[in-house]
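Take a look at the structure set out below.
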């Protein structure tokens with residue numbers, strides 16, 4: 001990124017934000033948006049491109065959910081797997097996202113890789129994974145990560161950090177004594193997609209968009225159980 005003068009040197013925050021560069025990625029190969037029969041192979045190809053380009057934490061995504069109060073929530077998490085069923089992530093069933101998904105399973109994942117100028121939006125519904133899938137995900141975490149997941153009362157008000165440290169330390173001891181211990185509240189979810197949109201940035205704002213969607217109106221081009229549409233920028 002080129003040197004940008006400090007915010008204090010601009011007339012206001014709006015002017016400073018306008019001065020920040022955007023869409024600076026190099027041009028992508030001509031075939032980067034060639035559709036595959038299903039969206040998963042194209043997603044994996046784009047993810048591999050992001051990894052090869054050195055994009056930091058390319059497996060990170062924003063998960064958007066809506067609770068029974070109708071308010072939209074979002075947070076960054078890590079993609080855990082991708083298979084023929086969909087995109088996998090995990091967390092606690094008693095966390096805000098766990099409660100929201102129980103009330104309304106409709107959700108979306110958004111991946112943005114600025115270094116290659118690409119975005120993928122996955123929309124669908126979250127299905128709880130089987131117990132063995134959740135257990136495997138939990139047990140693949142580090143001891144500390146397992147202890148935090150088991151001991152933390154996520155998003156509750158923390159009055160004293162010492163209480164948190166003590167709870168995690170106690171749980172580490174329990175896990176080291178029983179390495180197969182799985183937190184009962186830990187859950188893996190699969191976001192089963194209804195639509196997957198691939199967005200390719202263009203400095204001239206002639207962005208390219210390719211959307212996969214389940215069959216249904218309006219008519220599009222069928223690709224093995226999916227309809228693909230090219231969208232206006």
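The values are calculated or read from the model by the stated rules, or taken from the named source; none is laboratory data. Worth saying up front: this structure is predicted, and the values here are computed from it rather than measured. Ideal geometry is used to build each Cβ from the backbone, glycine not excepted, and the neighbour counts take in all protein chains shown.
Of note:
- Only one of the numbered conditions (1) touching a strand residue (DSSP E or B) at 6+ places or on another chain (Cβ under 7 Å); (2) outside any loop (DSSP other than H, G, I, E, B); (3) in contact (Cβ under 8 Å) with a residue 24 or more places away in the chain is not met by residue 172, and that is (1).
- Exclusive hit being on the phi < 0 side of the Ramachandran plot and in a loop (DSSP other than H, G, I, E, B), set 157, 133, 122: 157
- Selection count where residues are touching a helix residue (DSSP H, G or I) at 6+ places or on another chain (Cβ under 9 Å), free of Cβ contacts under 8 Å to residues at least 60 places away in the same chain and under 21 Å from residue 149 (Cα atoms), scope the range 66-80: 4
- Selected residue [within 29 Å of residue 194 (Cα to Cα), at pLDDT below 95, in contact with a helix residue (DSSP H, G or I) (Cβ under 8 Å, 6 or more places away or on another chain) and surrounded by 17 or more Cβ atoms within 10 Å (Cβ to Cβ)] from 28, 50: 28
- Scanning the range 80-96 for residues that are touching a strand residue (DSSP E or B) at 6+ places or on another chain (Cβ under 6 Å) and either part of a strand (DSSP E or B) or surrounded by 15 or more Cβ atoms within 10 Å (Cβ to Cβ) (or both) yields 80, 81, 86, 87, 88, 89, 90, 93.
- Comparison of 7, 99 shows that the only residue that is at pLDDT 95 or above and surrounded by 14 or more Cβ atoms within 10 Å (Cβ to Cβ) is 99.
- Scoring residue 44 on the criteria (1) modelled with pLDDT of 95 or more; (2) farther than 23 Å from residue 149 by Cβ; (3) surrounded by 16 or more Cβ atoms within 10 Å (Cβ to Cβ); (4) in contact with a strand residue (DSSP E or B) (Cβ under 7 Å, 6 or more places away or on another chain) leaves a single failure, condition (3).
- Search result, residues across the range 31-42 that are assigned to a loop (DSSP other than H, G, I, E, B) and more than 11 Å from residue 198 (Cβ to Cβ): 31, 37, 38
- Any hit, the range 131-149, residues being within 30 Å of residue 202 (Cα to Cα) and either modelled with pLDDT of 95 or more or within 16 Å of the chain's Cα centre (by Cα) (or both): no
- Applying the criterion of being surrounded by 13 or more Cβ atoms within 10 Å (Cβ to Cβ) and without any contact (Cβ under 8 Å) to a residue 24 or more places away in the chain to the residues of the range 156-168, the residue that is nearest to the chain's Cα centre (by Cα) is 164.
- Which listed residue, of 146, 153, 174, 121, is farther than 28 Å from residue 40 by Cβ and buried (at least 17 other Cβ atoms within 10 Å of the Cβ): 146
- Complete set of residues in the range 27-38 that are under 14 Å from residue 116 (Cα atoms) and in contact (Cβ under 8 Å) with a residue 12 or more places away in the chain: 28, 32, 33
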